[in-house]
Amino acid sequence: MTKRVAILISGGGSNMVALARDMAAPDHPAAPCIVVSNVPSAGGLARAEALGIPTAVVDHRPHGQDRASFEAKLADAMAPYDPDLICLAGFMRILTPDFVELFEGKMLNIHPSLLPKYKGLNTHARAIEAGDTFGGVTVHGVTAALDDGPIYGQARVPILPDDTPDTLADQVLAVEHRLYPAVLRRVASGVTAPLHLE
């Protein structure tokens, strides 16, 4: 049975597009059922519509600091589609433990570092400042702790001597577009052993 996948975005949706295009393959165990953004102007919404995927907007701003009410609306937007899996793809909101518990074991996130290194923001600058020879990307299960949870896939990206945070980010993003679809395909098939993409 094909798994239904909801994808949450906040921006241009390049990872969402990579996931959706991979799921278009006839042998794929999953299919996108909805793309939801917390930013009404997110470019990824038009890209999802162009791919024929239903979209919804749940603007976080009217909810102020009331994250629970925002997340209730987010859950309501996804409910008619009954997703089996939720992929956070550049979704720039920290989710509460209550929301994570509601979808426990169903949520994936992609993070631009080799976790457990550099949780949070500014990952590329931090890797360069530390003198690391590799940056990278991780796909992991979502838990109540930030950028935590079981690791389902990782890929390393060499840090070159003249790299800046911006050039490293571009290189990592290209690898994200390969890793996230590969991991989703495995997880949707029931495989959660970590994938190490070269």
- Note on the structure: Taking 0.36 nm per residue of separation between Leu102 and Asp82 and subtracting their Cα-Cα distance, the length gained on full extension comes to 5.9 nm
- Message: Per q in 0.10, 0.17 Å⁻¹, report the Debye log10 I(q)/I(0) for the chain, using one uniform scatterer on each alpha carbon and no solvent.
- Response: -0.39, -1.16
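Can you tell me how segment 30-111 classifies by the Cα gyration tensor, rounded, prolate or oblate, using a/c under 1.5 as the rounded cut? Before the final figure, lay out each step's value.
Working: a/c = 1.62, a/b = 1.18, b/c = 1.38.
Taking the square roots of the gyration eigenvalues as a ≥ b ≥ c, segment 30-111 is oblate.
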- Task: Please work out the Cα center distance from segment 148-172 to segment 79-117, rounded to the nearest Å.
- Result: 20
- Task: Label segment 91-198 by shape, choosing from rounded, prolate and oblate, from the square roots a ≥ b ≥ c of the eigenvalues of the Cα gyration tensor; if a/c is under 1.5 it is rounded, and otherwise prolate applies when a/b is larger than b/c, oblate when it is not.
- Result: oblate
- Item | Choice from Gly11, Gly141, Gly120 with maximal GNM fluctuation in the chain (Cα, 10 Å cutoff) | Gly120
- Would you mind getting the accessible area per residue of the chain, heavy atoms of the protein chains only, 1.4 Å probe, in Å²? 48
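Tally the DSSP beta bridges in the chain and give the antiparallel ones as a percent, rounded to 5. Mind showing how you got there, number by number?
Numbers: 11 of 31 bridges.
Roughly 35 percent of the beta bridges in the chain run antiparallel, per DSSP.
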- Item | Computed helical MRE - 222 nm, the chain, DSSP H runs ≥ 4 contributing -39500 (n - 2.57), nearest 500 | -10500 deg cm²/dmol
- Item | Among Gly136, Gly43, Gly64: highest mean-square fluctuation, GNM of the chain, C-alpha pairs under 10 Å | Gly64
- Query: How large, in percent, is the carbon and sulfur part of the accessible surface of the chain at a probe radius of 1.4 Å?
  - Reply: 56
- Task: For the chain, with a Gaussian network of springs between Cα atoms less than 10 Å apart, report the residue from Ile53, Ile86, Ile151 with the top mean-square fluctuation.
- Result: Ile53
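The values are calculated or read from the model by the stated rules, or taken from the named source; none is laboratory data. Just so we're clear, the structure is a prediction, and the values are computed from it rather than from any experiment. In case anyone asks, the SASA skips ligands and DNA or RNA and just uses the protein heavy atoms, side chains included. Shrake-Rupley method; radii C 1.70, N 1.55, O 1.52, S 1.80 Å.
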